[in-house]
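Structure, as structure tokens:
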Amino acid sequence: MSPQNLNEVLAYEKKRAIMSLEQLKNAQIITALVTPFKANGEINFEVLPKLIEHLLAHHTQGIVLAGTTGESPTLTHDEELELFRVVQEIVAGRVPLIAGIGTNDTRDSVIFTQEVADFGGFAAGLAVVPYYNKPSQEGLFQHFTAIADASDLPIVLYNVPGRTVAQLIPETSLRLAQHPNIIAIKECTGVENLTYLIEQAPEDFLIYTGEDGLAFHAKALGAHGVISVAAHTNGDDFYEMFEQLEKGEIKASARIQRQLLPKIDALFSLPSPAPVKAVLNHQGFEVGPLRLPLVAATSEEASRIIEIVI
């Protein structure tokens with residue numbers, strides 16, 4: 001590729017990244033959507049309109065599809081694409097959508113990222129830290145760089161060591177934040193890492209906590225928002241908490257956080273998304289069971305979770 005063509009490509013990617021940033025700047029509460037299943041294990045596409053309309057009515061400002069909450073490791077390629085199509089039709093551009101595109105195989109992630117970019121309709125792709133392989137920091141840097149280089153689809157890093165074992169240290173995340181096509185991070189570590197990233201990251205790099213229990217802390221420290229499981233059931237609480245923070249009403253916001261914490265703890269008392277699916281099923285959304293190797297909450301576990309969350 002000639003220098004002129006390369007510059008044109010980079011300029012286009014930067015323009016696309018800026019457009020995605022503008023979309024996501026309005027999305028402080030992003031819900032990592034569960035994937036509903038029928039009893040026979042097939043995706044239950046029919047229940048998605050009711051579920052999504054409920055989320056949008058309760059302050060979901062963006063949606064992640066086929067992330068870990070959506071049980072992405074158990075979804076086939078064709079199922080993910082059909083899920084993307086159905087949800088795009090339902091949402092109809094009302095909030096930005098983020099597609100789960102990362103795996104523990106760089107080559108496969110690159111190919112799928114290109115396919116999702118061609119598919120269209122997404123503000124960004126969410127790329128998880130490779131799981132099981134346990135790469136070095138340089139391996140992680142090259143993995144995400146390869147994905148970001150693959151197309152014009154802006155990338156959101158997903159650092160969740162509790163699921164992947166490997167962890168993006170803040171210095172590696174900041175290196176990646178310099179890439180024009182990497183626009184944000186979902187950070188599932190503690191307050192110290194969040195604080196460091198918020199202080200050191202470029203101004204146009206969005207930082208979300210992926211830990212519902214840290215939503216208050218992250219927002220108060222200057223993070224953009226939360227990519228949430230609990231927003232399925234408690235979106236109004238997150239919205240009001242952030243509203244109070246914006247007004248400078250720290251005590252009122254902190255009170256909401258304290259009231260939320262027992263509910264969040266219940267929603268993560270079993271491997272996610274089992275608890276939130278139990279609550280949603282109780283509320284009549286018919287999201288169904290989980291796919292093995294994850295299992296649904298027992299009736300006793302579900303009753304305990306529901307009593308706390310609702």
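How big, in percent, is the set of alpha carbon pairs in the range 148-192 lying more than 12 Å apart?
62 percent
Less than 15 Å Cβ to Cβ from LEU194, Lys/Arg counted +1 and Asp/Glu -1: what total charge do the surrounding residues give?
Summing Lys and Arg as +1 and Asp and Glu as -1 gives -4.
Roughly how large, in nm² to one decimal, is the mean projection of the convex hull of the alpha-carbon atoms in the range 3-249?
13.1 nm²
If we sort 56-69, 191-204 on the protection proxy, mean other Cβ atoms within 10 Å, highest first, what's the order?
Highest mean packing first, the order is 56-69, 191-204.
Pull up the DSSP beta bridges for the chain and report the antiparallel fraction as a percent, rounded to 5.
Beta bridges within the chain, antiparallel portion: roughly 5 percent.
Given the peptides 234-240, 34-40, 86-92, arrange them by the average over their residues of other C-beta atoms within 10 Å, most packed first.
Taking the mean over residues of other Cβ atoms within 10 Å, the ranking is 234-240, 34-40, 86-92.
So what is the 222 nm mean residue ellipticity for the chain from helices alone, if each DSSP H run of at least 4 adds -39500 (n - 2.57) and you divide by all residues, rounding to the nearest 500 deg cm²/dmol?
The helix-only estimate for the chain comes to -16000 deg cm²/dmol at 222 nm.
Please report, for the Cα atoms of the range 242-310, the Rg to one decimal and the Dmax as a whole number; what are they, in angstrom?
Answer for the range 242-310, Rg first and Dmax second: 14.8, 45 Å.
Rounded, prolate or oblate: which one fits the range 167-219, using the alpha carbon gyration tensor with axes a ≥ b ≥ c (rounded when a/c is under 1.5, else prolate when a/b beats b/c, else oblate)?
In terms of gyration-tensor shape, prolate.
Counting Lys and Arg as +1 and Asp and Glu as -1, each charge on the Cβ, what is the dipole of the range 3-249 about the Cα centre in debye, to the nearest 20?
180 debye
Among LEU126, LEU292, LEU83, rank each residue by its count of other Cβ atoms within 10 Å, from fewest to most, as a rough exposure measure.
Placing the least packed residue first, the sequence is LEU292, LEU83, LEU126.
Can you sort ILE250, ILE183 so the residue with the fewest Cβ neighbours within 10 Å comes first?
Fewest-to-most Cβ neighbours within 10 Å comes out as ILE250, ILE183.
Going down the table (LYS50/LYS186; LYS134/LYS277; LYS25/LYS219; LYS50/LYS277; LYS25/LYS186), which pairs top 18 Å between alpha carbons?
LYS50/LYS186; LYS134/LYS277
Tell me, LEU214, LEU33 in order of fewest to most beta-carbon neighbours within 10 Å?
The most exposed by this proxy come first: LEU214, LEU33.
Which of ILE98, ILE310, SER109 sits farthest toward the positive end of the charge dipole of the chain, with +1 on the Cβ of Lys and Arg and -1 on the Cβ of Asp and Glu?
Of the candidates, ILE310 comes out farthest on the positive side.
Does anything in the range 156-171 have its amide N under 20 Å from the 7 Å Cα→Cβ label point of SER136, and if so which residues?
Of the residues in the range 156-171, 165-171 have backbone N under 20 Å from the label point off SER136.
Roughly how many Å is it from the Cα centre of the range 196-216 to that of the range 96-157, as a whole number?
The range 196-216 and the range 96-157 have Cα centres spaced 20 Å from each other.
No lab work stands behind these numbers, since they all come straight from the coordinates. Keep in mind it's a predicted model, so treat the numbers as computed, not measured. We place every Cβ from the backbone using ideal geometry, glycine too, and count neighbours over all the protein chains shown.
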